[in-house]
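Taking it in order: structure first as structure tokens, then the write-up.
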Amino acid sequence: MRQQSITGIILAGGQGRRMGSVDKGLQILRGKPMVQHVLERFAPQVDEVLINANQNLDQYQAFGCNVVPDDIGGFAGPLAGLHRGLSAATHDLVATVPCDSPFLPLDLIARLHSALDEQQAELAVARTGDQAHPVFCLTRKSVLPGLTAFLQSGGRKIDAWYAALRVVEVRFDDDVDGFSNINTVDELRTFDA
């Protein structure tokens, strides 16, 4: 049982360019928007959920979560979403997941939290095989000033930002499919079958 409360952020702030410039989180998969699949799996693992979105804000608000757009303009990427979420979070621990990964592990946060505590890390990141999945992470709100400085200096790459942090990677080789993300119309059709 964890003692600390966690704010969860669903990252839905992108432009969906690989899917034809549509809002990926609102695309229908198996009868409901992808973000709803994510919310149903993610919400029970955290204490509050924010949705980071930069378009279709009313549609996202209909899911009953606070919707927080990026502070940095121009669809600056997942770090801008994390930055906004950290700023709006009411808890000292903050987790992120993307809106286009509807099969995320049901024990994602428990495993990330355990490793974060055991290693006294600043950031816990999911990993499968030789691939880290930095948008599936749990971090401490105390990283916000450093992230703000990184973004203000023009930084956008997640791995470049977290290279300066105490990071623990958490293996999820038992649930590789949980990190499948749907980026294209063809992938959406494949998973929808």
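The values are calculated or read from the model by the stated rules, or taken from the named source; none is laboratory data. These figures come from a predicted structure and were not determined experimentally. Methodologically, a virtual Cβ is constructed for each residue, glycine included, from the backbone with ideal geometry; neighbour enumeration extends over all protein chains shown.
Just give me the residues in region 111-144 being among the hydrophobic types (A, V, I, L, M, F, W, C), in a helix (DSSP H, G or I) and surrounded by fewer than 21 Cβ atoms within 10 Å (Cβ to Cβ), in sequence order. If the condition is that a residue be among the hydrophobic types (A, V, I, L, M, F, W, C), in a helix (DSSP H, G or I) and surrounded by fewer than 21 Cβ atoms within 10 Å (Cβ to Cβ), then Ala115, Leu144 are the ones that fit.
With Asp107, Asp100 as the choices, which residue is out of contact with any strand residue (DSSP E or B) (no Cβ under 7 Å at 6 or more places or on another chain), among the charged types (D, E, K, R) and either modelled with pLDDT under 95 or closer than 18 Å to Ile182 by Cβ (or both)? Of Asp107, Asp100, the one residue that is out of contact with any strand residue (DSSP E or B) (no Cβ under 7 Å at 6 or more places or on another chain), among the charged types (D, E, K, R) and either modelled with pLDDT under 95 or closer than 18 Å to Ile182 by Cβ (or both) is Asp100. Please tell me if Phe172 is crowded, with 18+ Cβ neighbours inside 10 Å and hydrophobic (A, V, I, L, M, F, W, C). For Phe172, the condition - crowded, with 18+ Cβ neighbours inside 10 Å and hydrophobic (A, V, I, L, M, F, W, C) - is met.
Return yes when Leu104 is touching a helix residue (DSSP H, G or I) at 6+ places or on another chain (Cβ under 8 Å), of a type outside the set (S, T, N, Q) and part of a helix (DSSP H, G or I) and no when it is not.
Numbers: touching a helix residue (DSSP H, G or I) at 6+ places or on another chain (Cβ under 8 Å): yes; of a type outside the set (S, T, N, Q): yes; part of a helix (DSSP H, G or I): no.
No, not satisfied.
Find the residue count for region 66-84, including only residues that are surrounded by fewer than 20 Cβ atoms within 10 Å (Cβ to Cβ) and at pLDDT 90 or above. The number of residues fulfilling the criteria is 2.
Taking the criterion of being surrounded by 18 or more Cβ atoms within 10 Å (Cβ to Cβ), under 23 Å from Val38 (Cβ atoms) and not β-branched (Val, Ile, Thr), would at least one residue in region 150-157 satisfy it? So far as region 150-157 goes, no, none of its residues is surrounded by 18 or more Cβ atoms within 10 Å (Cβ to Cβ), under 23 Å from Val38 (Cβ atoms) and not β-branched (Val, Ile, Thr).
So, of the residues in region 34-49 that are in contact with a helix residue (DSSP H, G or I) (Cβ under 6 Å, 6 or more places away or on another chain) and not β-branched (Val, Ile, Thr), which turns out to be surrounded by the most Cβ atoms within 10 Å (Cβ to Cβ)? Per the criteria, the residue is Met34.
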